[in-house]
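One structure is given here, and the rest of the page talks about it.
The values are calculated or read from the model by the stated rules, or taken from the named source; none is laboratory data. All values derive from a computational prediction rather than experimental measurement. FYI the Cβ positions are ideal-geometry reconstructions off the backbone, even for glycines, and counts take in every protein chain you see.
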Amino acid sequence: MAQFLANKRILLGMTGSVAAYKSADLVRRLREVGANVRVVMTANAKRFITPLTMQAVSGYPVHDELFDLQAEAAMGHIELARWAELILVAPASADLMARLAYGHADDLLTTLCLASKAPVVLAPAMNQAMYTHVLTQENKRRLKEHGVIVLGTGEGSQACGDVGPGRMLEPLTIIETINELFSTYELAGKKVVITAGPTHEAIDPVRYLTNGSSGKMGYALAEAAALAGAKVVLISGPVALAKPKHMEVISVTTAKEMQDTVFANLSNCDIFISVAAVSDYQAHTIANQKMPKESNAFSLTLTPTPDIVANVAALSNKPFVVGFAAETHDVIPKAKQKRERKKMDMIIANQVGEGRGMGSDENEVTIISARQETTLPLMSKHDLAKELITLIANEYKQGQKHD
Ligand code: C5P
């Protein structure tokens, strides 16, 4: 049990609730499964349990002030936000849920929740009337919509004498739930930028150069990455697909626009997955009026578009770069050459044609990196995306270890 939590850096936030007494046991049990815990307490949390107790069980001084010069000198709030791989707020009061739901940063805990890229998990604890109040339920829905994980509550008698939902889950249940949630969260806290679909390169106001890419593979990968816990930015060429949820989707038209948008979104990007079938050429000049039909053959001057994936891979602080190679023949040798030429960490090669690859619902691919060559059988792009995200996450983590 608890393999996800082993060696994880967990920031435990505590707010004002009588359930705060359970947090000491929670820290002890988190440490037992190998987690490294730092505690942040709000002013009201300190009315229920002392920072000294939490310091003793966590082994580190408690963080409680946003504007404390001494604390900032030791481990500033931004450093603490970066340190955390998971923020667990237990107990989470109705007030904390309300403040977080509306993006407040008026104390250290809410500031850390906003400043950190780590996933945030709340274990609510409050009186049953407060918990079932329509505003608390509305805040809970809003938090979930924005990616915050809100755990359930226990039911039973409460400190105030009421009976109902709102009791904080027991420490062991919290640990088991988090472990289960995150064992499949291979990309928790990572930022992934994905390009998908074709590009359109205008020739005149009504005509353009493009290809048969549907965007299905890129969209499936974006959804799988979001399900794996990543913060996803999907940069999409013109496609006829519904906008996926739980990610930022930016629509672009041309290769140039796609490259500009990719570069504008690269800060803090951990993994770049270039799935888009970017047009390799663009018209040298775009006619500003519809070109008349010619009765004879005519030629069009084309110039190359920017090679987005190669330009990203050439950056000194590049993310982990994954590209695709759709080929009609000599698939593997060509993909290997392409990976090396464009300096990609990983390339996903597939044969196109005969109902496979571009535009179809299924794909059969070979994944090539410096360390491996793995061929996956023909399967739906949806299932394939999940497998690819696991392979990409593993390879990315291997790379991190060797850096
Ligand atoms: O050279 P080729 O187009 O086959 O390379 C395919 C890979 O390069 C894909 O990952 C594709 O997204 C990327 N690419 C790009 N910019 C281009 C052309 C291709 O990022 N202009």
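Report whether or not A6 is buried (at least 23 other Cβ atoms within 10 Å of the Cβ) and small (G, A, S). Here the answer is no, as A6 does not meet what is asked. Of everything listed in (1) touching a Pro at 6+ places or on another chain (Cβ under 6 Å); (2) within 13 Å of the ligand (Cβ to nearest atom); (3) under 30 Å from T285 (Cα atoms), the single unmet condition for G197 is (1). Criterion first (within 8 Å of the ligand (Cβ to nearest atom), in the same structural domain as S369 (by TED's automatic domain parsing) and either closer than 17 Å to I367 by Cβ or modelled with pLDDT under 95 (or both)) does A325 satisfy it? Answer is yes for this residue. Report yes if M130 is surrounded by 22 or more Cβ atoms within 10 Å (Cβ to Cβ) and modelled with pLDDT of 95 or more, otherwise no. No, not satisfied.
Checking E155, E72, E145, E138 one by one, the residue that is under 26 Å from the mean Cα position of the chain (by Cα), modelled with pLDDT under 95 and assigned by TED's automatic domain parsing to the domain that holds S23 is E145 and no other.
Got a sec? Which strands (runs of 3 or more DSSP E) wholly within segment 101-174 have at least 1 residues that are over 28 Å from K231 (Cα atoms)?
154-157, 163-167
Yes or no: V233 β-branched (V, I, T) and either in a loop (DSSP other than H, G, I, E, B) or touching a residue at least 60 places away in the same chain (Cβ under 8 Å) (or both)? No, not satisfied. The condition (being within 9 Å of the ligand (Cβ to nearest atom), within 18 Å of Y396 (Cα to Cα), without any contact (Cβ under 8 Å) to a residue 60 or more places away in the chain and not hydrophobic (A, V, I, L, M, F, W, C)) is satisfied by just one residue among K318, K334, K342, K338: K342. In segment 79-99, the condition of being of a type in the set (S, T, Y), in a loop (DSSP other than H, G, I, E, B) and in contact with a Leu (Cβ under 6 Å, 6 or more places away or on another chain) is met by no residue.
Of all residues in segment 338-363, those satisfying the criterion of being at pLDDT 95 or above and part of a strand (DSSP E or B) are M346, I347, I348, A349. The lone criterion from (1) in contact (Cβ under 8 Å) with a residue 24 or more places away in the chain; (2) loosely packed, with under 13 Cβ neighbours inside 10 Å; (3) of a type outside the set (K, R) left unmet by V312 is number (2).
Considering segment 168-185, the residues that are at pLDDT 95 or above and not hydrophobic (A, V, I, L, M, F, W, C) include one that is surrounded by the most Cβ atoms within 10 Å (Cβ to Cβ), namely P171.
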